[in-house]
Amino acid sequence: MAEPFKNLINPGTVAEAGRHLQRAWPAFDRRRFESLAGTGLETLEFKARAMQLADALDATLPTDFARAAEVIEASLALPLPLDALGEPVALGEAEREAGLSGWALWSLGEFVVRRGMIDVPRALRCLHALTQRFSAEFAIRPFIAQHPQPTLATLTQWVHDPSVHVRRLVSEGSRPRLPWGQRLQLLVRNPAPTLPLLRALQDDPSAYVRRSVANHLNDIAKDHPELVAQWVHDHRLGASAQRSALLRHASRTLIKQGHGPTLAAWGLGQPLRGQAELALSASRVAIGDTLGLHVTLRSASAHPQTLVMDYVVHHVRANGSASPKVFKGWNLTLDARETRVLDKRHSLRPVTTRTLYPGTHRIELRINGKKVADAAFELQG
């Protein structure tokens, strides 16, 4: 059985933080810190554990923020190393023994948020150090929200930072809708301030950074789909293989939704020239079984056609209404006058994010964002 997520912060985490903070500042009251951070820890969930550790830091680190930041920085392990693809890898045992690393740094970032608003430049320098050991993507967001101009100005400088971790923070920390993170409403409404950052980073040599840029653009697409469609249009022609992959990942949600301008930007705006048929393997299926989808394509064109194919299952809700869910189908090139048969199995097992209810379900086949065929089946409990 997997270890509970909350145990990423545990009594050992507290003891390790106390040891390295005392090493960095001999006057540090380690005993008090460990008592405050560790009392009742086993009864708390992850976030409450992280906040309790931050409370203990607040009570025991120097009251002068600049001095506290110095102690934090002096306590840290070496930056996380990278593999050949520019992806971070774990520290070795000797490096972990030499300095503070891991999940305790989440709480250090929270401490910087609490104390650092009075000295934003010093706080950002501390986050610059922290993010090279454990991402400061959550800690930097309150600074963007409360002090957008100086924080974004600093991020503009960091796009050229030699550290991959810092360059990734520029994109990941400023995502409008970062999962688990504070939503940055000013950037949800108007993402323009971060676009120069993304433009500077979209050809970064590290896939770690480029993946963050793609996810950032995908965030923007949820509120400004036309902007992302235009971004793809403006940056796709002549793009390297790495940039093309980034743009594809950035526009994945819009492509799945059949967003016309995005499909057009990828040269996929044309409807199927020919016929498409959808047949199901059964008219009645029990919850927990699988359903076969059988698709026949017949081209009526004298030229090859590039097709993005998805299917939409209109799930029945408890109240009898329908809720559509898009599933990935096939990406293919249909040759001139070609007939092609495609098969896929669709699972009807319940998942944690979706409850299945009996009733008539409709499946809709889409090609390049346009409905071309549909079929229905009865889901039985």
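Assorted remarks:
- Helix 241-250 and the longest principal axis of the C-alpha atoms of the chain enclose an angle of approximately 90°.
- Summing +1 for each Lys or Arg and -1 for each Asp or Glu among the other residues whose beta-carbon sits under 14 angstrom from that of Ala59 gives 0.
- Label sites at Ala279 and Leu332, each approximated as a point 7 angstrom past Cα along Cα to Cβ, lie 1.5 nm apart.
- Placing +1 on the Cβ of every Lys and Arg and -1 on the Cβ of every Asp and Glu, with nothing else charged, gives segment 188-320 a dipole about its Cα centre of roughly 60 debye.
- Part-to-part distance (alpha-carbon centres) for segment 27-88 and segment 224-250, which is given in Å: 40 Å
- Cα gyration tensor category, rounded, prolate or oblate, for segment 154-239 with a/c compared to 1.5: oblate
- Dipole size of the chain about its Cα centre, with +1 on Lys/Arg Cβ and -1 on Asp/Glu Cβ: approximately 1060 debye, rounded to the nearest 20.
- Inter-label distance, nm, simple model (7 Å from Cα along the C-beta direction), Arg23/Arg236: 5.2 nm
- Highest-first arrangement of 129-139, 90-100, where packing means the average Cβ count within 10 Å: 129-139, 90-100
- The shape of segment 120-176 comes out rounded: with a ≥ b ≥ c from the C-alpha gyration tensor, a/c is under 1.5.
- Gyration tensor verdict on the chain (Cα atoms; rounded if a/c is under 1.5, prolate if a/b is larger than b/c, oblate otherwise): prolate
- Across segment 51-62, computed HN-Hα scalar couplings (Karplus, 6.51 cos²θ - 1.76 cosθ + 1.60, θ = phi - 60°) run 5, 5, 5, 5, 4, 5, 4, 4, 7, 10, 7, x Hz from first to last residue, x flagging Gly and Pro.
- Segment 312-377-segment 147-170 distance, computed between alpha-carbon centres (Å): 42 Å
- Antiparallel content of DSSP bridges confined to the chain, in %, to 5: 90 percent
- Ordering Gly369, Pro81, Pro191 by Cα displacement along the dipole of the chain toward the positive end leaves Gly369 in first place; charges were set at the Cβ atoms of Lys, Arg (+1) and Asp, Glu (-1).
- Relative to the current alpha-carbon distance between Thr352 and Thr39, full extension at 0.36 nm per residue lengthens the span by 109.3 nm.
- Unit charges at the beta carbon, dipole of the chain: most positive-side option, Thr60, Leu379, Val71: Leu379
- Angle between the chain longest axis and helix 120-130 axis [Cα atoms, degrees, rounded to 10]: 70 degrees
- Protection proxy ranking for 205-214, 118-127, using the average of other Cβ atoms within 10 Å per residue and placing the highest first: 205-214, 118-127.
- Residue-count net charge about Ser323 - beta-carbon cut-off 12 Å; Lys, Arg +1, Asp, Glu -1: +4
- Relative contact order for the chain: 10 percent, from Cα pairs under 8 Å spaced at least 6 residues apart, divided by residue count.
- Each of Ser163, Ala153, Val341 was scored by the projection of its Cα onto the charge dipole of the chain, and the greatest displacement toward the positive side belongs to Val341; charges sit on the C-beta of Lys, Arg, Asp and Glu.
- Positive minus negative residues near Phe377 (Lys, Arg vs Asp, Glu; Cβ under 12 Å): -1
Computed from the coordinates by the stated procedures, all read-outs in this text should not be read as laboratory data. Everything numeric in this text was worked out from a predicted model, so none of it was measured. Cβ atoms come from the backbone with ideal geometry, glycine included; neighbour counts cover every protein chain shown.
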